[in-house]
Amino acid sequence: MKINTNILMAILISTIILSPIFAQNENFNIQGEKHLKNIRMLTEEGENAEAYLSFDERKLIFQATFGDLQCDQIFTMKIDGSEKQLISTGKGRTTCAYFLPGDTRILYASTHLKMDDCPPPPDRSKGYVWKLYNSFDIFSANADGTDVQQLTFSDGYDAEATVSPKGDKIIFTSTRDGDPELYTMNIDGSDQKRLTFEMGYDGGAFFSLDGSKIVFRSSRPKSQEELADYQDLAKNGMFRPSVLEIYIMNSDGTDIKKITNFGKASFAPFFHPDGKRIIFSSNVMSENGRNFDLYMINTDGTGLEQITFNETFDGFPMFTHDGKQLVFCSNRFNKKQGDTNVFIADWID
């Protein structure tokens, strides 16, 4: 095979020039992040979010938009970032994927039954709002994406499903009763039960490691002005996520407790394996409301501690079962403004 010497020289020059730059960027820590060590970037481009571990913790499942994709599809990859694979249908919009017990099947929400294309974006004439598309239902599939089976059949929004580490229950958000509430179901979709009953959005829920508790985010309007705004948006399947607080409750929906009271947007809560602390993303310290960092708080609402100090976005944290590693998503060190990548770090207590 004839070698093009011009190409070879260009490769050698780029290696000499770029290697030191890459080496400098291998440290993805930011000053003050004493709990995070040896941070590795697992994705390289696009919008990658909600990366969650398989039960054996060898793989991650996540949603991503990049390249020719117009909206999120579901992918899996090994925990080192290799062997990325599209496992959703490639149609509609998808969100909130999770592995099922045994890791041979996965769970995700999708609009593909209603349309092949991405649903239209929300109307932002009323400010920054989220759209809870009625076309979302929850599906299970083999880990390679085959054998797609529908688990929810309501006329409303069904999404945001996660699985108890015990392997017995799925928790999800639904608007089937008119308001975004939390529900549980068995792994096969049977025995669907409502857990929350107060006016307002409840979602983004996760079980504790022992399966006894649930942590979630909630926007519950209190004043007449807040209630009127909430109800006006709800008519069109939207809500305003500018104020989200963190709550915990028992796995059967009893003993609901409010953990934060910041009046800001706190979301993506996840229990530390010790069951005594919660890590979450919030703009509580942001002057302009746009900077989200990770924070840790005790389950009684005390001991708030800032974990990350990135000036843009850090979110969607998930601990390994032994508490020694943390998966999260971040805008740090991205190649293109607006990109969000998946990271994994060693956790230092």
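The values are calculated or read from the model by the stated rules, or taken from the named source; none is laboratory data. Values in this document were obtained by computation on a predicted structure and should not be read as measured data. As a convention, Cβ positions derive from the backbone with ideal geometry for all residues, glycine included, and neighbour counts pool all protein chains shown.
Scanning segment 132-166 for residues that are over 23 Å from E57 (Cβ atoms) and in contact with a Gly (Cβ under 6 Å, 6 or more places away or on another chain) gives L132, N134, L151.
The single condition among (1) closer than 28 Å to F197 by Cα; (2) of a type in the set (F, W, Y); (3) not in a strand (DSSP E or B) that F333 does not satisfy is (1).
Within the option set N331, N288, N341, N283, being exposed (fewer than 15 other Cβ atoms within 10 Å of the Cβ) and not hydroxyl-bearing (S, T, Y) holds for one residue only, N288.
Yes/no per residue for (1) in contact with a helix residue (DSSP H, G or I) (Cβ under 7 Å, 6 or more places away or on another chain); (2) farther than 18 Å from L69 by Cβ; (3) outside any strand (DSSP E or B):
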residue	(1), (2), (3)
G90	no, no, yes
A97	no, no, no
D103	no, yes, yes
C118	no, no, yes
Y133	no, no, yes
F139	no, yes, no
D144	no, yes, yes
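Here's the yes/no breakdown for (1) out of contact with any Leu (no Cβ under 9 Å at 6 or more places or on another chain); (2) assigned to a strand (DSSP E or B); (3) of a type in the set (S, T, Y); (4) under 17 Å from K131 (Cβ atoms):
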{"residue": "F153", "(1), (2), (3), (4)": "yes, no, no, no"}
{"residue": "T173", "(1), (2), (3), (4)": "no, yes, yes, yes"}
{"residue": "E198", "(1), (2), (3), (4)": "yes, no, no, no"}
{"residue": "G211", "(1), (2), (3), (4)": "yes, no, no, no"}
{"residue": "S218", "(1), (2), (3), (4)": "no, yes, yes, no"}
{"residue": "K222", "(1), (2), (3), (4)": "yes, no, no, no"}
{"residue": "D232", "(1), (2), (3), (4)": "yes, no, no, yes"}
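For segment 78-101, the candidate set comprises residues that are in contact (Cβ under 8 Å) with a residue 60 or more places away in the chain and in contact with a Leu (Cβ under 9 Å, 6 or more places away or on another chain); within that set, the residue that is surrounded by the fewest Cβ atoms within 10 Å (Cβ to Cβ) is G81. Residues in segment 88-108 that are under 22 Å from I187 (Cβ atoms) and either under 17 Å from the mean Cα position of the chain (by Cα) or at pLDDT below 95 (or both): S88, T94, T95, C96, A97, Y98, F99, L100, I106, L107, Y108. Of all residues in segment 234-248, one or more are in contact with a helix residue (DSSP H, G or I) (Cβ under 8 Å, 6 or more places away or on another chain) and not in a loop (DSSP other than H, G, I, E, B). Looking across S190, S174, one residue alone is out of contact with any Pro (no Cβ under 6 Å at 6 or more places or on another chain) and free of Cβ contacts under 8 Å to residues at least 12 places away in the same chain. It is S190. A single entry from S242, S174, S190 fulfils the requirement of being crowded, with 19+ Cβ neighbours inside 10 Å, of a type in the set (G, A, S) and either at pLDDT below 95 or more than 20 Å from S54 (Cβ to Cβ) (or both): S174.
Across segment 123-136, a minimum of one residue is classified as of a type in the set (S, T, N, Q) and modelled with pLDDT under 95.
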